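Shown next, in structure tokens, is the structure this report addresses.
The values are calculated or read from the model by the stated rules, or taken from the named source; none is laboratory data. Not measured: the values here are computed from a predicted model. When we count neighbours, we look across all protein chains shown, and the Cβ atoms used for this are built from the backbone with ideal geometry, even at glycine.
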Amino acid sequence: MDSLIFYSKTDSFKSIVEKLTFSLVRPYSLYFPTNYDQIGNILSKKKNALLFYATDELSIDERMRLRLININFKNVHICLISLESQALEAWKLDLFHFEEIPLKTERLLHVYKKYIYTIAPAVNELILKNNEEIIKISYDNITHLIASGNYTMIYTLDGKSMIQTRQLGMFDFLTEKDLNFQRMHRSLIVNIRNIASIGNGKIVFKGSLNEMNVSANLESKMKRVLMGMA
């Protein structure tokens, strides 16, 4: 089970975090310590953990605490949440990740997916049943998945498509297995690795004849994702 630890000197974190669904396929537990000693007590009982450490000011004492956690708990990944000016300090401390304040809640989900991608065994194939065949499709070969009622259309780099009698939500696990898969809309999952260009209301994918028309809002969102701003 994944252990997600959210440290803040206030309990404001808890009301935000408990509304989020971090995974549909992996069990996880949430912890909300409000003092440093509680962090150590939790970590001493966990083999692996993801620690979100939130602070406005990264004092000398807090730098020491973060360094000691890194030294004493080798399997703990730390995400520092602080002011943008502290990003360099996070790098100097060799922390797993940094997020700036004010924090966007969807970034917590991104950090968790990055964590899973780091610790989980590599899986890079989607296994599907097509008619009476069992086929394997490399993640790298998938461009996007589109919902069509109770069906999902899967598109690949060679311009081919395959229909599956499963709703798109059944493929949400891809966003946890590979960070390049992004759920952009309730009816769309895109492999951003395979995007060649976005503009003028269209997405063009690499190496294929696939083009997809998108709304102005979705185009703007996807551009932000590609630039690392979402």
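Here is the figure for region 185-230: residues that are acidic (D, E) and in a strand (DSSP E or B) total 1.
Taking every residue in region 193-210 that is more than 14 Å from L145 (Cβ to Cβ) and modelled with pLDDT under 90 and pairing it with any residue that is hydroxyl-bearing (S, T, Y) and surrounded by 19 or more Cβ atoms within 10 Å (Cβ to Cβ), at least 6 positions away or on another chain, the pairs with Cβ-Cβ distances below 9 Å are K206/T143; G207/T143; S208/T143; S208/Y155; S208/T156. Within region 35-54, not a single residue is closer than 20 Å to F173 by Cα and among the basic types (K, R). One residue alone among L109, L128 is within 30 Å of S161 (Cβ to Cβ) and not assigned by TED's automatic domain parsing to the domain that holds Y7, and that residue is L128. Of E106, E62, E89, E125, all but one fail to be touching a residue at least 60 places away in the same chain (Cβ under 8 Å) and out of contact with any Asp or Glu (no Cβ under 6 Å at 6 or more places or on another chain); the exception is E106. Mind listing just one residue for me: the one in region 23-34 that is surrounded by 11 or more Cβ atoms within 10 Å (Cβ to Cβ) and not hydroxyl-bearing (S, T, Y) and, of those, farthest from L174 (Cα to Cα)? Per the stated criteria, the residue is P33.
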